[in-house]
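The values are calculated or read from the model by the stated rules, or taken from the named source; none is laboratory data. In this text the structure is predicted, and so the values were computed from the model without any measurement. Cβ placement follows ideal geometry from the backbone for every residue including glycine, while neighbour counts extend to all protein chains displayed. Each accessible area value is taken on the protein alone, full model and side chains, heavy atoms only, with ligands, DNA and RNA left out. Shrake-Rupley method; radii C 1.70, N 1.55, O 1.52, S 1.80 Å.
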Amino acid sequence: MDLMTVDKLNFFYGRHQALKSVNLPIRKNAITSLIGPSGCGKTTLLRCFNRMHDLYPGNRYEGRISLRDQNILSGDIDLISLRSRLGMVFQKPTPFPMSVFDNIAYGLRLRKVKNKNALAERVEKALKQAALWDEVKDRLGDNAAGLSGGQQQRLVIARTLAVEPEVILFDESTSALDPISTQKIEELMVELKKEVTIVAVTHNMQQAARVSDYTALMYLGELMEYGDTKSIFTRPKHKMTEEYVSGRFG
Amino acid sequence: MRHLKPRKAVNALIMTLATLCAALGLFLLFIILFDVLRNGLKAIDWNLFLRDPAPPTMAGAGGLKSAFLGQGLLTLTAALIGVPIGVLGGTYLAEYGRHKKISRAISILSDIAVSIPSIVIGAFVYAILVNPFGSYNGWAGAVALAVIILPIIIRTTEDMINMVPWALREAAFAMGAPYHRVIWGIVYRSAAGGIFTGVLLAIARIAGETAPLLFTSFNSNFFRLNLSGPVPSLTVSIYQYAASPYENWVSMAWAAAFVVTCFVLFLNIVGRLAIKLRVKG
Ligand SMILES: Nc1ncnc2c1ncn2[C@@H]1O[C@H](COP(=O)(O)OP(=O)(O)OP(=O)(O)O)[C@@H](O)[C@H]1O
Ligand SMILES: [Mg+2]
C-alpha cells in the first residue's frame, strides 16, 4: 500500500527550480531510499515531505504530495501537526542542549504530555526501540552532548520515535558515523519498518542495496528510475542507473 | 635586497613606538590602580558599609551605607529595565527579523550607541525625565543607566544567538515545535551562558558611572526605597567627597573608589573567564 504519493511535484528555491515533475510512491512499512549524484535534489525532495522549506522565504511548491489522501502541500495544513507525523533525522547528530531524558521528552512535552510516569514510560520505550536504552539508562540526567556521535544519532532517532510518527525521513544519517554505529543504525531501520515508514537519502550504494525495499534514483531534479531495490540494482531500465549503482558514474 | 633595509627600519620604528605607547598606557593605568589601592586600603573599614556620612569634623566615624544601597537600587532597576528589553531586542534581530533591513540598521546603530559618551545620555534623560517633573529622581537615573546597557545587551544577545547553529533549530522545527518554543527551549538554552556574560559585562560598565547620574538621580544623604526623588549614589558621592576640603571625606571617597574598582574588576574577570571557558568547552 502507498502511504504517500508524490504527484507532478515541482519545487523552486526562488527562481531556481530544484525538482522537476517528480512522481513517486512511498510504500507503507517499507524503506525507500533516494539515491543520485550530489546536487540532484534528494535533500530537497525529502524536505518537501515535512515542509521544512517553509522556514525560508521565497521557496515554492507546485503539484501534490498526499499522505493518506490528504494533500500536505495545501495551504491550510497545520505544519506543527504535520511535522509530528513525519520525523526527520539529519546528517549530523543534533542533540538538544539538555539531558538525555529531556531530549526524548521534548516532543512529548510539546504535545502536552505532563504526567511524570507517562513521560518516563514513553522515554524508556523510545530508547529501547532505538537500541540505546542499555547504554544510557544510568545517565538519563546527563547532558546529551556527552554521548558519542553514534549514540547521539540514535538519541535523535529515539526522540523522533517518542512521538510515534508515521514516517521517518533520514538524510544521509549515517554518513558522519563509524562503520559499527552505521551498522547499528541500519539494523535499527530494518527493525523499525514494522512500525513506521522510512524514506532515506544515502550516498552509500551498499547501504541502499542492503536495507531498502524500494529505490529511487534522481538526476538533475528529476526522478530517473524507481523500482524495488533488487531490480534497480540487478536489471535497471536505464543505462545511467546501471552506471550509477555500480559506481561508474557520479 | 637593498630596498628591504628601509622597510625593516620603519617596521622597527613603528613597533618601538607602539610598544612605548602601550607601556605608557599600562603605566598610567597602574599608577591609578595603585593609588586607589594604597589610599583605599588605608581608609577602608566596616563602617563604610554600615554608617551614613558623619559631619566633616567627626573624623573617621562615617560611612556610605546609603550611597551603596542607592547605587545598588539604581543598578538593579536599570538591569530590570534594560536586560529584558535588550534580550528581546537582540532576539528579534537574530531571529524574527533576521532577513529585514531594519534589523541590520538597528544592529549598526546599537554598535554606534555603545560608544555614545554617558554624559550625553545623562543630558538626554535629564531633558525627558527630570526637567518636565521639576526634580531629580531615581527613575531618571535608572533609565539613564538602562539606556547605556541597552545597546550592549542587544548586540551581545544577537551575536550569541547567531552562534547557535541553524541545524539545531531545524531539528526542533522538525519535531513540530513552534518558533517561540524553539527560541525559548533551544536557542536561549544554548546561548544562555553567553547572554549572561554579556549582562555581567554590561552591569560592570554602569557600576562605575557618575556622569549620567549627576543629571538624573543626583545624590542624597538618606536611602529610601523610593525612586521618585533624588537617590543616594556612590559614584556621585565619590565625586563630591573627593572634591571636598575635609580630610575624612576625601579618604572616604578613596575607600569607596576602591570598592567600586574591585567590584567592576570582579565582574569583568568573571565575565571574561566565562567567555574563555565556553570557547574552550
Ligand atoms: N537553499 C537553497 N537555495 C537555493 N538553491 C538550493 C538550496 N539548497 C539546494 N539548492 C540547489 O538545489 C539543488 C538540489 O540540492 P539538494 O541539496 O537537494 O541536493 P542533494 O541531492 O541533496 O545533494 P547532496 O547529495 O550533495 O546532498 C542543487 O542544485 C542545489 O544547489
Ligand atoms: Mg543532500
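Check off (1) open to solvent by less than 100 Å² (accessible area, probe 1.4 Å); (2) in contact with a Phe, Trp or Tyr (Cβ under 9 Å, 6 or more places away or on another chain); (3) in the same structural domain as B:N248 (by TED's automatic domain parsing); (4) not acidic (D, E) for B:T57 and give me the number that stays unchecked.
The single condition B:T57 does not satisfy is (1).
Per-residue answers, yes or no, for (1) surrounded by fewer than 22 Cβ atoms within 10 Å (Cβ to Cβ); (2) over 24 Å from A:R51 (Cβ atoms); (3) touching a helix residue (DSSP H, G or I) at 6+ places or on another chain (Cβ under 8 Å):
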{"site": "B:W166", "(1), (2), (3)": "yes, no, no"}
{"site": "B:R169", "(1), (2), (3)": "yes, no, yes"}
{"site": "B:G198", "(1), (2), (3)": "no, yes, yes"}
{"site": "B:R205", "(1), (2), (3)": "yes, yes, yes"}
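From the list A:A105, A:A131, A:A158, which one is open to solvent by 10 Å² or more (accessible area, probe 1.4 Å) and small (G, A, S)?
Within the list A:A105, A:A131, A:A158, the selection yields A:A131.
How about segment A:196-211: which of its residues are touching a residue at least 60 places away in the same chain (Cβ under 8 Å), open to solvent by 10 Å² or more (accessible area, probe 1.4 Å) and away from ligand 1 (no atom under 16 Å from the Cβ)?
Across segment A:196-211, the qualifying residue is only A:V211.
Residues that are modelled with pLDDT of 95 or more and more than 11 Å from chain B (Cβ to nearest Cβ): does segment A:72-89 have at least one?
Yes, segment A:72-89 has at least one match.
Please specify each residue of segment B:136-158 satisfying the condition of being outside any helix (DSSP H, G or I) and open to solvent by less than 50 Å² (accessible area, probe 1.4 Å).
Passing the criteria: only B:N137.
Looking only at segment B:170-190, how many residues end up being of a type outside the set (A, V, I, L, M, F, W, C) and facing chain A (nearest Cβ under 7 Å)?
So the answer is 6.
So which residues in segment A:4-35 are in contact with a helix residue (DSSP H, G or I) (Cβ under 6 Å, 6 or more places away or on another chain) and not hydrophobic (A, V, I, L, M, F, W, C)?
Of everything in segment A:4-35, just one residue is in contact with a helix residue (DSSP H, G or I) (Cβ under 6 Å, 6 or more places away or on another chain) and not hydrophobic (A, V, I, L, M, F, W, C), namely A:S33.
Does segment A:55-65 include one or more residues that are in contact with a Gly (Cβ under 6 Å, 6 or more places away or on another chain) and more than 13 Å from chain B (Cβ to nearest Cβ)?
Checking segment A:55-65: not a single residue is in contact with a Gly (Cβ under 6 Å, 6 or more places away or on another chain) and more than 13 Å from chain B (Cβ to nearest Cβ).
In segment A:45-97, how many are out of contact with any Asp or Glu (no Cβ under 6 Å at 6 or more places or on another chain) and in a strand (DSSP E or B)?
Looking only at that region, the number is 13.
At positive phi, in contact with a helix residue (DSSP H, G or I) (Cβ under 6 Å, 6 or more places away or on another chain) and surrounded by 18 or more Cβ atoms within 10 Å (Cβ to Cβ): is that true of B:G194 in this structure?
It is false that B:G194 is at positive phi, in contact with a helix residue (DSSP H, G or I) (Cβ under 6 Å, 6 or more places away or on another chain) and surrounded by 18 or more Cβ atoms within 10 Å (Cβ to Cβ).
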